[in-house]
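The values are calculated or read from the model by the stated rules, or taken from the named source; none is laboratory data. Everything quoted here is computed from the prediction, not taken from an experiment. Reconstructed Cβ throughout: ideal geometry from the backbone, glycine too, with neighbour counts over all protein chains shown.
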Amino acid sequence: MIIDFHTHIFCPEIRKNREKFFPSEPAFAQLYSSPKSRLAGANELINSMDEHGVAKAVVFGFPWQNSNLFKKHNDYIMAAVDRYPERLIGFGCFDLFNSQAYHEAERCLRHGLSGIGEIAFYHSGIDETLLDQLEPILDTCLQNDVPVLVHTNEPIGHAYPGKTPITLAQIYGLVKKFPRNKIVLAHWGGGIFFYLVMKKEVKDRLKNVYFDTAASPFLYEPIIYRLAIQTAGVDKILFGSDFPLLQPSRYFQEFSKAGLTKTETAIVQGTNAANLLKL
């Protein structure tokens, strides 16, 4: 069973008139001001899943600053899950610094969503202030035994929309502060899994951390799959397409180029996600 752990869908109002939201939502403008940046709805996601043989997908919206927007978007996620209960698994998403963030996390989980994410902070690093904002959110995730998916990226290399000013030390500080939480670091965790070859501390600190593959074809050579298996272990890698940014077929081609065995491919494509989500 193939499970895509990282997909975004948007309600019709946002898809039809995205420009309306640019002035008050700078992060949204940064990622989606280009006409080439696709916005998709639930039906388009299901069609893509059918085309690529994907059985289930984790879906979420965007970390809007405006509470009315993130509530409306999370309502759309809930409705999509209700419409496709055997196909879609919803996560709640919001801006951490909004005063309603904690209440929204509780509302999303109370209404049947299966986790929180993709939590992102596009214009800041992961400093102590942000960790303080995260604490009540991750506490409620821990109490409900659900994962939280956090946007991360590599701290060096080329610039692109959505690349945040975070460091590996900050990512490490996040996982150290919340060692009991099941944390999924998007986009390979910015490469922090390479440090799992260290003999002391890091393995223990990252024991509940997973890494998704979202946007990997844009960022890394296919060899990253083999390196991640050797350092983090095949059981810590989650296939995520970042749909509609990329189609699943791009990843399937890279699995082959990386020389993954059938067993390894099956584990990355679905087994790990099924275990994490207790399907």
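In the condition set (1) part of a loop (DSSP other than H, G, I, E, B); (2) out of contact with any Lys or Arg (no Cβ under 6 Å at 6 or more places or on another chain); (3) within 24 Å of residue 33 (Cα to Cα); (4) not hydrophobic (A, V, I, L, M, F, W, C), residue 117 is compliant with all but (1).
Quick grid of which residues meet (1) without any contact (Cβ under 8 Å) to a residue 60 or more places away in the chain; (2) farther than 19 Å from residue 275 by Cβ; (3) of a type in the set (S, T, N, Q):
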{"position": "174", "(1), (2), (3)": "yes, yes, no"}
{"position": "180", "(1), (2), (3)": "yes, no, no"}
{"position": "200", "(1), (2), (3)": "yes, yes, no"}
{"position": "231", "(1), (2), (3)": "yes, yes, yes"}
{"position": "239", "(1), (2), (3)": "no, no, no"}
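Residues in the stretch 165-188 that are among the hydrophobic types (A, V, I, L, M, F, W, C), over 19 Å from residue 240 (Cα atoms) and crowded, with 16+ Cβ neighbours inside 10 Å: 166, 168, 171, 174, 175, 178. Filtering the stretch 247-270 to residues that are of a type in the set (A, V, I, L, M) and in contact with a Pro (Cβ under 6 Å, 6 or more places away or on another chain) leaves only 258. Could you tell me which residue of the stretch 13-32 is farthest from the chain's Cα centre (by Cα), considering only residues that are surrounded by fewer than 14 Cβ atoms within 10 Å (Cβ to Cβ) and touching a residue at least 24 places away in the same chain (Cβ under 8 Å)? Per the stated criteria, the residue is 24.
The set of residues in the stretch 196-222 that are crowded, with 17+ Cβ neighbours inside 10 Å and either touching a His at 6+ places or on another chain (Cβ under 9 Å) or among the aromatic types (Phe, Trp, Tyr) (or both) comprises 210, 211, 212, 213, 214, 215, 216, 219, 220. Considered as a group, the residues in the stretch 96-107 that are out of contact with any strand residue (DSSP E or B) (no Cβ under 9 Å at 6 or more places or on another chain) and not in a helix (DSSP H, G or I) include one that is surrounded by the most Cβ atoms within 10 Å (Cβ to Cβ), and that residue is 98.
Screening the stretch 134-159 for residues that are of a type in the set (S, T, N, Q) and closer than 15 Å to residue 119 by Cα and picking the one that is surrounded by the fewest Cβ atoms within 10 Å (Cβ to Cβ) gives 140.
For beta carbons closer than 6 Å, sequence separation of 6+ or different chains, a first residue in the stretch 117-143 that is among the β-branched types (Val, Ile, Thr) and a second that is part of a helix (DSSP H, G or I) and surrounded by fewer than 18 Cβ atoms within 10 Å (Cβ to Cβ), the qualifying pairs are 140/106.
Taken together, 162, 191 contain a single residue that is in a helix (DSSP H, G or I), surrounded by 15 or more Cβ atoms within 10 Å (Cβ to Cβ) and out of contact with any strand residue (DSSP E or B) (no Cβ under 8 Å at 6 or more places or on another chain), which is 191. The selection criterion, being at pLDDT below 95 and either assigned to a helix (DSSP H, G or I) or more than 16 Å from residue 240 (Cβ to Cβ) (or both), holds for residue 35. In this structure, is residue 82 among the charged types (D, E, K, R) and at pLDDT 95 or above? For residue 82, the condition - among the charged types (D, E, K, R) and at pLDDT 95 or above - is met.
Any residue at all in the stretch 138-148 that's under 17 Å from the mean Cα position of the chain (by Cα) and assigned to a helix (DSSP H, G or I)? Yes, the stretch 138-148 contains a residue that is under 17 Å from the mean Cα position of the chain (by Cα) and assigned to a helix (DSSP H, G or I). In the stretch 247-279, the residue that is farthest from residue 49 (Cα to Cα) out of those that are part of a helix (DSSP H, G or I) and among the small types (Gly, Ala, Ser) is 256. Whether any residue in the stretch 7-26 is touching a helix residue (DSSP H, G or I) at 6+ places or on another chain (Cβ under 7 Å), under 27 Å from residue 211 (Cα atoms), modelled with pLDDT of 95 or more and of a type in the set (Phe, Trp, Tyr) is what I want to check. Among the residues of the stretch 7-26, not one is touching a helix residue (DSSP H, G or I) at 6+ places or on another chain (Cβ under 7 Å), under 27 Å from residue 211 (Cα atoms), modelled with pLDDT of 95 or more and of a type in the set (Phe, Trp, Tyr), which makes the answer no.
Just one residue in the set 10, 5 is more than 15 Å from residue 108 (Cβ to Cβ), touching a residue at least 12 places away in the same chain (Cβ under 8 Å) and part of a strand (DSSP E or B); that residue is 5.
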